[in-house]
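Each remark here refers to the structure printed beneath this line.
The values are calculated or read from the model by the stated rules, or taken from the named source; none is laboratory data. These numbers come from a predicted model, not from an experiment. Here Cβ is always computed from backbone atoms with ideal geometry, including for glycine, and neighbour counts include all displayed protein chains.
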Amino acid sequence: MNITIKPSSLQGSVAIIASKSLSHRYFIAASLSEETSTISHAMKSVDLEATIKALKSLGATIEGNTVKGGFPHLMEPVINASASGTTLRLLIPIAMLQEKPVVFEGKDRLPLRSLDVYEALFKAQGLLYERLSLDHLPVRVAGPLKPGTFRLRGNISSQFISGLLFALPLLEADSEIIVEEPFESRAYVALTLAVLNQFGIEILTENHRYIVPGKQHYKAYNTSVEGDYSQAAFFIVAGLINRFPLTLHNLRKDTLQGDAKLLDIVKAMKGNVRFTNDQLIVTPSQTQATTIDLANIPDLGPILMILAALSEGTTRFTNIQRLRYKESDRIYAMTEVLTRFGVEHTVIGNTMEVTGQKTLRGKQVFDSFNDHRIIMAIAVASIRADQPITILHVEHISKSYPEFFTEFTRLGGEVTIIKEAHHE
């Protein structure tokens, strides 16, 4: 599906979709309990559907927001993670708790995203880990996973650490995970640990070392999923570059989500954001350039680059390398986007600089790069374009925020579906 967006300001309030990271983690933890849990207000997306389907293949019973599981009992020999890296990396160690072979497959760029960490760890234990093509997927794996010491680099995806943290407590003996510095995306591991604790799992933390007692059992836990800061980022930036304030609901001020760092960044850029009575009020602001380290917040990269494009001065982004290995190469995608908008920018090594301006060049056709965060970033940028813009293949928004354009238009965005469009 292709759309055209006419530049217009947004106005009103929006209930932010439930946290993607927490929704996955709650359903996984609940599926490892032999008791029944209720997970309310979880996000609805293609990615979470992939996780739920995979958990059912591992023996969990999931009906709506009710979840009951236990030690994995393989029901299906093939698990399709779709395009969800979270599904794939969190569930491989869980599938390897049992001894039957499981084939994991996926689509889009997922087969190209590295699984070398698991391949090395599991082959070192003498377990089956067999690539079925030249890519990382499909892959055939089999357990049973053994207790032990697992050493991981800290500059790889935290999802490998979280996947092990879910699985290791169910083994017969103690294990430990040692993370080598630099430890990036530590906040996502903290989120996993908080969820595990809620489900009765104890992990001992010593700086970059996690001691995992064995023979543990997941307990039932009932919860409601809080709003997602990585998705709220798009409406926060919309409010800052807008003519009217926006009010955001469902965000917790005391959240453990690492992407809540966005609020500190916005304030450093002189943006006006404040909590009032559990609502986040975002007021239009002339933001100023700053330096932004993306090592621990790679998902915020695209929308912060749009904010930088409309801020005074030149914003410097450091540690951008992990953006290249997402649903798209987001550095390449954003250089294309910024170029079409007429924004001056440079990329040298792992650093990107973006020089701000007052408006963005419209009458442009943008590729979506099959990437939900690129689509939303372009849509928000349209607020300050001087003419309408077109985005191709926006159906990929369903990966994380299917209702994004419904909310965008409800707030005043003018979106028209078109039958076909061509690059200029």
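What to note about this one:
- Candidates SER157, SER162, SER185, filtered to the one that is surrounded by 15 or more Cβ atoms within 10 Å (Cβ to Cβ), under 20 Å from LEU32 (Cβ atoms) and either of a type outside the set (Val, Ile, Thr) or at pLDDT 95 or above (or both): SER162
- Which numbered condition LEU191 fails, given (1) of a type outside the set (Phe, Trp, Tyr); (2) not in a helix (DSSP H, G or I); (3) not assigned by TED's automatic domain parsing to the domain that holds ARG384: (2)
- Options LEU48, LEU74, LEU22; residue that is crowded, with 23+ Cβ neighbours inside 10 Å and either among the aliphatic types (A, V, I, L, M) or modelled with pLDDT under 95 (or both): LEU22
- Residues satisfying the stated conditions in the range 148-185, i.e. touching a residue at least 60 places away in the same chain (Cβ under 8 Å), in contact with a helix residue (DSSP H, G or I) (Cβ under 7 Å, 6 or more places away or on another chain) and not small (Gly, Ala, Ser): GLN159, PHE160, LEU164, PHE166
- Of the residues making up the range 266-275, just one is crowded, with 23+ Cβ neighbours inside 10 Å and either under 24 Å from ALA190 (Cβ atoms) or of a type in the set (D, E, K, R) (or both), namely VAL266.
- Scan of the range 216-236 for residues that are β-branched (Val, Ile, Thr), more than 13 Å from PHE408 (Cα to Cα) and not in a loop (DSSP other than H, G, I, E, B), ordered by number: THR223
- Summed over the range 276-299, the residues that are outside any loop (DSSP other than H, G, I, E, B), within 16 Å of ALA187 (Cβ to Cβ) and aliphatic (A, V, I, L, M) give a count of 1.
- In the condition set (1) surrounded by fewer than 20 Cβ atoms within 10 Å (Cβ to Cβ); (2) closer than 20 Å to ILE374 by Cα, THR255 is compliant with all but (2).
- Of the residues making up the range 331-345, those that are within 17 Å of SER311 (Cα to Cα) and of a type outside the set (Ser, Thr, Tyr) are MET334, VAL337, LEU338, PHE341, GLY342, VAL343, GLU344, HIS345.
- Scope the range 346-359; condition under 27 Å from the mean Cα position of the chain (by Cα) and either of a type in the set (Phe, Trp, Tyr) or closer than 22 Å to SER285 by Cα (or both); matching residues: GLU353, VAL354, THR355, GLY356
- Single residue of GLY239, GLY214 found to be in contact with a Leu (Cβ under 8 Å, 6 or more places away or on another chain), exposed (fewer than 15 other Cβ atoms within 10 Å of the Cβ) and of a type outside the set (S, T, N, Q): GLY214
- The range 194-207: number of residues that are free of Cβ contacts under 8 Å to residues at least 12 places away in the same chain and either over 19 Å from ASN222 (Cβ atoms) or not assigned by TED's automatic domain parsing to the domain that holds ILE39 (or both): 3
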